[in-house]
Structures are given as C-alpha cells and as structure tokens.
C-alpha cells in the first residue's frame, strides 16, 4: 500500500502546529497566572515531578516506537493479520508497563523531601500532589492509548493532533477558570488526568471507526517477535539515555538550588521547548513517509533527500536560535517581573544547547525510519554518563552554567559522530565527509548570523512590549535574509528555492515524497 506521503505530511504538520499552539499559549497563560497568584515554587514542583515521572516512564522502554516501525512493512504490503497481531502485543505490553510505573512511583514517594533544597509551599501535601501526577502518568498506559500507534504508522498524526487539541482546550479552560475563581493547586491539577483519560478514550473510539479491520487478535510470528525483541533491546538503551538526559538537570537543580531557581530555569526551557516542538512536529510528520519511502525507493534517491532535509533542518534551527538569543532576556523581563532573570551567560549556553540538540534532526529521522536502535544502543548511555558526571559536579559547585555545558559536551563529544557513523555504515554505505562538511560550514554561517543579528537588534533602544515587537520583527527579517544570502551558493538552497516555485503550481493528489531529479 503506497501512502500519499506529501499530502499526509502537510496535514500532519498543519494540525500538529495548531495542536502545539494550543499546548503553548494556554500553558503560557496558566504559568503566568500561577507565577502571580501562587508563586514560582509551584512551577518548580511541576518541573520536579515531571522529571521524576519521566524517569519512571523507562518502563515503556521504547516498545511503542518498535511497534510503529514494525507496522511500516505490513502497511506497505497490506498485511492486516500482522497489523492485528502487533496491536494485540502492544496492548498487553502497555498494561504491564502501567503496573510497573505504579510500583516505581510508589517506591519513589518516601524520598521526595530529599530532592528539594529548602522548603516548598506550605499549603501543599507533597505526597498527595505527587500521587495526582503519578495517576495522570499511569492513565497514559490505559484506555486505548496503544491504538494511537495505528495513526502514527499510517501517517495520520493529524487525527491525533485534532483530538489532543480539543481535549487540551477543554482542560485548559477549566484550569484557567479554577485559578481565577479560587486559586487552589489541587483543583487545578486534577483536570490533567481527566483530560488524559478523555483523550485516550476518544482515540480508541476513532481508531475503531477508521480501522475497523484492525483489532487486537492473533500473535506475531516468531521471526517478527525476534526482530521486535532486538529493536526493543536497542531502544532500551535509547530510552534510558533519553529520560536521564531530560531529567538529570531538573532533579539536580531542585536538589542543589531549590524550587525557585528550578521554576525560573524551566520558564526559559519552556520557551525553548515551545520552539523546539514546532520543529519536532515537522520531522516527526516526515518519519512515517520516509519509512515507507525506504521500502519503495532507491538508497541514492533517499540519500539526496536526506541531504536536502539536513540543510533545511540546519536553516530552521539556525533561524530559531538567532531569535532566541536576541529575544530571550527582553521577553523574560516582560513576562516574569517577580523573579530576576538568569545571567546572560546561561542564555547563550541554552541557545547553543538548542542548536546542538536539533541540528542533527535529519539524521535522527532517518535512523528512526530505518530502525537502527539496536546498532547504536551504547551511544545514549555514554551521553547520559558524560552528562550525569558533569551535571552533578557543576551543581555541587553551584554553577548552573556548568549544568548546561555538561549536556552540550555530551552531545558534541558522543552523539554527532556516532549517529552519522551508524546511519552511513548501515544504510547509505558511503563516506560521511559531505555530511560533516555541510554541518560545519552551515554552523559557522549560523553562528555569524546569530552574532550579527544580536548586536544589530540591541542597537534598538527602549523596553516594554512595543519595543519587543519591533526587535522581534527586525530580528526575524534580518536573520532570514542573512541565512538565505549566506547559503545561496549551496545546491540544497537552490533545490528548496526551486521546490517552492514549483509548489505554487497545482499538484496531483498522492504525489510521492520522493525527490524528482
């Protein structure tokens, strides 16, 4: 079965963007209300519990990713029996994962006070609040959550985005109302698990309507089970690395600096993750189409497409990095007037981390599509080890800058070469020289653009919302022009320019994502 990749990718991106806008703007409003009505320590608690429960989600060990990957081939071959067996297996595993998370969450509960330096809000029962967060986390494993894999594998993430947008809007509306009428954090947070359960129930109902021929029955073949085991084993290491990398910093800052600093730090991360989420939507929407394309197109065509995506990824990330560097501090001064902003040195490092983490997205998408988790399973563990040692030393010495630097170093020293080595050796089977040359050259161009735009924008006088908008417009326009001019000589730049011109003409339905050369 050939999926209409371009059409579905565009739909996934559009509805994904709408979903992310809702998931950014509403929480931003809620965070603002909490800062001024309750205090930033509540945001610190939220960040700490999210970090702890992220570690507990290790129970899933990436099984969903392996199942979704395993669906690409039977979808291409219209093998419904295998799809049903995979879904049945996924359901059973998710039930077990939910129970493991419950057990792990309860085991952590007695140690909560030791993960917070100083105090926490007097009106909060730490254990009761944590139990609500734990319940929300566990609810994600039940009520048909496993059926969302069908939409991901069929490249219909737009449906998931629509459902999540609707349930989130309902949840956020009630939370805003609660915070305004009677500011009570317990009543506010209880709507989160309610929204999670409602979202999963709706996804289960829609999936049965959309895929009536695919339901939980049968067993996977021994050969496929063996393949999934190998993938899961590789993903286990990736999952451990992923959750540790995203949680280490928050837990360490809470334990060594306290909830107030953690709350302010995570306000910066919130803005960064909001921008990152839009980039992730684009590349996540491409993964299933690329996975389908790998089975139906040549390696050479896929390599050319990969290099085009690599260039586009760096340009998008460079544009966002420039805007973050220039606008971070002015925005934080306007947003949170009750707490002092972080030092600009931390802002610079957060921007470097943002770029370093996302500039390799194209490589990550292709590795995800071909399923190389078992081939580089030690990489995330090495990243975690470097990050953990650096973070603990830096936190103990009282340096937040060191906490961020340790993560940057972990990515640069371990991840970049290792990821490319696996992808090029297993699939492309060619030299990595072109990839790294393009990466280095475009990174130097991006750095020069970021520095130039920062100093140019800072020549604009004035503070406040009006001048912030002026700076944002100047920053965005100048960055875009400089990036386009700086990379105009590259063949990938000309490819996308020509692609945009062609897109202005009418297109037939079902056009392949394959590059037309």
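Take the conditions over 30 Å from residue 457 (Cβ atoms), buried (at least 20 other Cβ atoms within 10 Å of the Cβ) and in contact (Cβ under 8 Å) with a residue 24 or more places away in the chain and apply them to residue 305. Does it pass? When the stated conditions are applied, residue 305 passes them.
Would you pick out the residues in the stretch 170-186 that are touching a residue at least 40 places away in the same chain (Cβ under 8 Å) and outside any helix (DSSP H, G or I)? Listed by number, the list holds a single entry, 183.
Only one of these is at pLDDT 65 or above and within 24 Å of residue 300 (Cβ to Cβ): 466, 499. Name it.
Among 466, 499, only 499 is at pLDDT 65 or above and within 24 Å of residue 300 (Cβ to Cβ).
Of the set (1) surrounded by 15 or more Cβ atoms within 10 Å (Cβ to Cβ); (2) touching a residue at least 24 places away in the same chain (Cβ under 8 Å); (3) in a helix (DSSP H, G or I); (4) in contact with a helix residue (DSSP H, G or I) (Cβ under 9 Å, 6 or more places away or on another chain), all apply to residue 194 but (2).
One residue is enough: does the stretch 285-301 have a residue meeting the conditions in contact with a helix residue (DSSP H, G or I) (Cβ under 8 Å, 6 or more places away or on another chain), in a helix (DSSP H, G or I), without any contact (Cβ under 8 Å) to a residue 60 or more places away in the chain and surrounded by fewer than 20 Cβ atoms within 10 Å (Cβ to Cβ)? No; the residues of the stretch 285-301 include none that is in contact with a helix residue (DSSP H, G or I) (Cβ under 8 Å, 6 or more places away or on another chain), in a helix (DSSP H, G or I), without any contact (Cβ under 8 Å) to a residue 60 or more places away in the chain and surrounded by fewer than 20 Cβ atoms within 10 Å (Cβ to Cβ).
Within the stretch 459-472, the set of residues being surrounded by 12 or more Cβ atoms within 10 Å (Cβ to Cβ) and out of contact with any helix residue (DSSP H, G or I) (no Cβ under 7 Å at 6 or more places or on another chain) comprises 467, 470.
For the stretch 202-216, the set of residues classified as buried (at least 16 other Cβ atoms within 10 Å of the Cβ) and free of Cβ contacts under 8 Å to residues at least 60 places away in the same chain consists of 202, 203, 206, listed by residue number. Closer than 30 Å to residue 370 by Cβ, more than 24 Å from the chain's Cα centre (by Cα) and surrounded by fewer than 19 Cβ atoms within 10 Å (Cβ to Cβ): does that describe residue 339? So residue 339 fails the test.
From the list 114, 120, 141, the lone residue that is within 30 Å of residue 42 (Cα to Cα), loosely packed, with under 13 Cβ neighbours inside 10 Å and in contact (Cβ under 8 Å) with a residue 12 or more places away in the chain is 114.
Annotation note: Cβ proximity below 6 Å between a residue of the stretch 417-435 that is on the phi < 0 side of the Ramachandran plot and a residue that is modelled with pLDDT of 80 or more and not in a helix (DSSP H, G or I) (sequence gap 6+ or interchain) occurs for 420/432; 424/432. Within the stretch 43-66, being at pLDDT 70 or above and over 30 Å from residue 339 (Cα atoms) holds for one residue alone: 56. When 162, 132 are checked against the criterion of being surrounded by 14 or more Cβ atoms within 10 Å (Cβ to Cβ), in a helix (DSSP H, G or I), at pLDDT 80 or above and over 23 Å from the mean Cα position of the chain (by Cα), a single residue qualifies: 132.
Let's see how each residue does on (1) at pLDDT 80 or above; (2) in contact with a helix residue (DSSP H, G or I) (Cβ under 6 Å, 6 or more places away or on another chain); (3) assigned to a helix (DSSP H, G or I):
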position: 78; (1), (2), (3): no, no, no
position: 83; (1), (2), (3): yes, yes, yes
position: 89; (1), (2), (3): yes, no, yes
position: 92; (1), (2), (3): yes, no, yes
position: 96; (1), (2), (3): yes, no, yes
position: 110; (1), (2), (3): yes, no, yes
position: 150; (1), (2), (3): no, yes, yes
position: 168; (1), (2), (3): yes, yes, yes
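The values are calculated or read from the model by the stated rules, or taken from the named source; none is laboratory data. Because the structure is a prediction, the values reported are computed rather than measured. Note that we place each Cβ from the backbone using ideal geometry, even for glycine, and neighbour counts take in every protein chain shown.
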